[in-house]
There are 2 protein chains.
Amino acid sequence: MIVLTYCIETPGNIEALAAKIASDQSTGTFVALAGETEELKARVAARVLAIRHLPDADRPSVPETGPEARNGPVKRADVDIAFPLDAIGTDLSALMTIAIGGTFSIKGLSGIRVVDMRLPEEYRGAHPGPQFGVTGSRRLTAVADRPIIGTIVKPALGLRPPETAAMVQELIAAGVDFIKDDEKLMSPAYSPLSERVRAIMPLILDHEQKTGKKVMYAFGISHADPDEMMRNHDLVANAGGNCAVVNINSIGFGGMAYLRKRSSLVLHAHRNGWDILTRHPGLGMDFKVWQQFWRLLGVDQFQINGIASKYWEPDWSFVESFKAVTTPIFSPADCALPVAGSGQWGGQAPETFRRTGRTVDLLYLCGGGIVSHPDGPGAGVRAVQQAWQAAVQDIPLADYALSHVELARSIEKFGGGEAA
Amino acid sequence: MIVLTYCIETPGNIEALAAKIASDQSTGTFVALAGETEELKARVAARVLAIRHLPDADRPSVPETGPEARNGPVKRADVDIAFPLDAIGTDLSALMTIAIGGTFSIKGLSGIRVVDMRLPEEYRGAHPGPQFGVTGSRRLTAVADRPIIGTIVKPALGLRPPETAAMVQELIAAGVDFIKDDEKLMSPAYSPLSERVRAIMPLILDHEQKTGKKVMYAFGISHADPDEMMRNHDLVANAGGNCAVVNINSIGFGGMAYLRKRSSLVLHAHRNGWDILTRHPGLGMDFKVWQQFWRLLGVDQFQINGIASKYWEPDWSFVESFKAVTTPIFSPADCALPVAGSGQWGGQAPETFRRTGRTVDLLYLCGGGIVSHPDGPGAGVRAVQQAWQAAVQDIPLADYALSHVELARSIEKFGGGEAA
């Protein structure tokens, strides 16, 4: 049995709407059908398990328009609906189509948000899941006992491969564990992936030769065409790379499934575009639901913003996202490594640590917070490491900065809110 | 140059927000960067072409929450932003990521809707587009000079292959041109696609042998895994089938691109899940924008609801969708066959005809409107054909019904609003 929880909203009757969702999404349509027998319904019909009424909302999430619009208060409830496994099976496109997609089109609701999804035992092992996840990311970066510290090559667009390589050289020397292409950079004419790989990978490998430390570089391999994406994957893998950024919404389930089956790279997911499915609190989906699909499909590292990010997302939502990707669906191996990014510089380390269960199992991604450090990126990396040392020991950053100059300089520069 | 038009909304400054979108989605981030040179910006920076202010909205599309929420009036404008082709290239996942996906995450906007997208000449020929489209659909169904009349096997879920086949036999005998699996039916354990194909295709081929008329049957082949989907495709093709339903949102760009390159079937797109991207008028995307991606990827037939559908979508929105899929992006060959469905029974034929440019180039899909006809599906099909004859000749349905008994009986049953 697959159980979905929908937060529904209607100017009409909650019980009737819940029943309509269960019927429309399985055996029913809007007229009685001869073939909709009791035996058939017993096998595949969805049914309403529970309705938990919520306080009315002052106005509908989707405004009524036209001359008769009222926009008055609407009723709300959380509704649990169970789908027999037989009705859907374990294919994720069937799950998305039946249990989620169709519900958004139903007439008579003024808002619907999918807030939970509980998959049955039959899904265990039915999907590849992460190939590397937390353990693999730690093994490949050889970072233990602290967050993996990463950064992003900026400007996002426009650098030619030699310019990117020069910046990468500086970042490698600075001591970062992880570097990535901005998610907007894939394989444009001014920076074809093949040339970017050729310019960057020798620097990574040379540094590995000299120091034993292999920086994980995530190349942007996304392409709408899975064949092209695999060619991109192979360019990276054949050059000795071990990671790729994938824009999961822009390649879709098909792109991700195809890639995962053939991939030897750590798959670092950027969820670009996701916001439109969650930004309005009465519509769309909670991240808790949506991320399950992508973890089952094979995401190893999941970008989820961070404390005081530069985007719209509030801190509590980041904290919930962190909890979501680190909560097993079936086993710890299906968890993704959480990637905290956007506007991070180390200043958010204590709060990140405190609010995410005091773990250091994350990739902490700082752009400007590292490269704009007043004493250069090397000092920037050390400052972020120091911030995490302080966080883990519950020492206030200002105190720790008394004996750690890079952190002190970092606080001077970014402490006023000018983060990265 | 790729030009997007966004309808943006903010409690702040429209000009500043427009500039921020252009910057964030190309070369900029929230701090000045050494590498963001004038030369680089000239090559790849997006820029604001025009701002057309709109009347204020009474309240933000995304409600402000928390103790300081105001939810007062917000400013609105349509903003044209141009992206140099170099910044994006012709890959559709790059286009989605850069020009659309990222905009939804920007702080400081209370609403954003992508309302237009104009692609440059460089996109001409860069994508496969429809393999069959309008012409191919007409050729394969051998229907000229009137809409292709189709129906859907119901109940959506739960019928076993022999039960489905019995219903299909009746629908074939009734004279429909097209039959489809409900979009929710793919390959569940009680109706594996292989068995459904084996039960149905002999009926189609037998009827073709006897009458020369090959009914187009669209089998649900969607699967999150493109390899599985291709196996499904091959089952249909090898059995002599010529069409497939694909749930485009649930397979994503990757699934669609992979399939189109290898497909010999007419690809009938169901847009299940789309509604969440468009239902709130201040958020998401116009269909006009979104459908361009899928047509370039290769959709042949595009479901777009219909007049007085059973879903939330208002009639004007269906009319605009119809116009969208029938307006060439680069040439008439890239148009999809519009599929009007949901609650259709023939009664909507006159208004559909009048409001869509008086064309009969469409697939008119009636479920209950055919199978629930009081004199059976055969009479149902004839009633729908008669309704279209009347529509094309501008004869009121009630007048035409005086000499066409199936239409008359259809009006008796469905004319009160009980459609299909």
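The values are calculated or read from the model by the stated rules, or taken from the named source; none is laboratory data. Since we're looking at a predicted model, the values are computed, not measured. A quick note on method: Cβ atoms are made from the backbone with ideal geometry, for glycine too, and the neighbour counts reach across all protein chains shown.
For segment B:193-220, the tally of residues that are more than 29 Å from B:E406 (Cα to Cα) and without any contact (Cβ under 8 Å) to a residue 12 or more places away in the chain stands at 1. Checked against the criterion of being more than 7 Å from chain B (Cβ to nearest Cβ), part of a loop (DSSP other than H, G, I, E, B), surrounded by 19 or more Cβ atoms within 10 Å (Cβ to Cβ) and not hydrophobic (A, V, I, L, M, F, W, C), segment A:113-120 has no qualifying residue. Of the strands (runs of 3 or more DSSP E) entirely within segment B:235-294, those holding at least 2 residues that are facing chain A (nearest Cβ under 7 Å) and crowded, with 24+ Cβ neighbours inside 10 Å occupy B:283-285. Scanning segment B:142-170 for residues that are part of a helix (DSSP H, G or I) and either surrounded by fewer than 23 Cβ atoms within 10 Å (Cβ to Cβ) or of a type in the set (D, E) (or both) yields B:P161, B:P162, B:E163, B:T164, B:A165, B:A166, B:M167, B:Q169, B:E170. For segment B:74-94, a residue qualifies if it is in contact (Cβ under 8 Å) with a residue 12 or more places away in the chain and either farther than 19 Å from B:Y6 by Cα or of a type in the set (S, T, Y) (or both), and the qualifying residues are B:D86, B:T90, B:S93. Here B:F330 does not fit the description of being under 16 Å from B:L397 (Cβ atoms) and more than 14 Å from chain A (Cβ to nearest Cβ).
Is at least one residue of segment A:333-350 among the aromatic types (F, W, Y) and away from chain B (no Cβ under 13 Å)? No: segment A:333-350 contains no residue that is among the aromatic types (F, W, Y) and away from chain B (no Cβ under 13 Å).
Taking the stated definitions as given, is A:R358 charged (D, E, K, R) and surrounded by fewer than 16 Cβ atoms within 10 Å (Cβ to Cβ)? For A:R358, the condition - charged (D, E, K, R) and surrounded by fewer than 16 Cβ atoms within 10 Å (Cβ to Cβ) - is met. Consider A:V381 carefully, then state whether it is assigned to a helix (DSSP H, G or I), more than 14 Å from chain B (Cβ to nearest Cβ) and crowded, with 24+ Cβ neighbours inside 10 Å. Judged against the criteria, A:V381 is a match. Checking each residue in segment A:195-208 for being under 25 Å from B:K41 (Cβ atoms) and not aliphatic (A, V, I, L, M) picks out A:E195, A:R196.
The numbered conditions (1) away from chain A (no Cβ under 14 Å); (2) over 18 Å from the mean Cα position of the chain (by Cα); (3) not in a loop (DSSP other than H, G, I, E, B) are all true for B:R358 except (3). Look at A:R231 and say whether it is over 23 Å from B:G28 (Cα atoms), surrounded by fewer than 24 Cβ atoms within 10 Å (Cβ to Cβ) and either touching a strand residue (DSSP E or B) at 6+ places or on another chain (Cβ under 9 Å) or within 14 Å of chain B (Cβ to nearest Cβ) (or both). For A:R231, the condition - over 23 Å from B:G28 (Cα atoms), surrounded by fewer than 24 Cβ atoms within 10 Å (Cβ to Cβ) and either touching a strand residue (DSSP E or B) at 6+ places or on another chain (Cβ under 9 Å) or within 14 Å of chain B (Cβ to nearest Cβ) (or both) - is met. Report whether or not A:V319 is farther than 25 Å from B:G28 by Cβ, within 13 Å of the chain's Cα centre (by Cα) and assigned to a loop (DSSP other than H, G, I, E, B). No; evaluated as a whole, the condition is false for this residue. The residues of segment B:90-110 that are outside any helix (DSSP H, G or I) and surrounded by 22 or more Cβ atoms within 10 Å (Cβ to Cβ), listed by number, are B:D91, B:L109, B:S110.
Checking the stated criteria, A:Q344 turns out to be modelled with pLDDT under 95 and either within 30 Å of B:V114 (Cβ to Cβ) or surrounded by fewer than 20 Cβ atoms within 10 Å (Cβ to Cβ) (or both).
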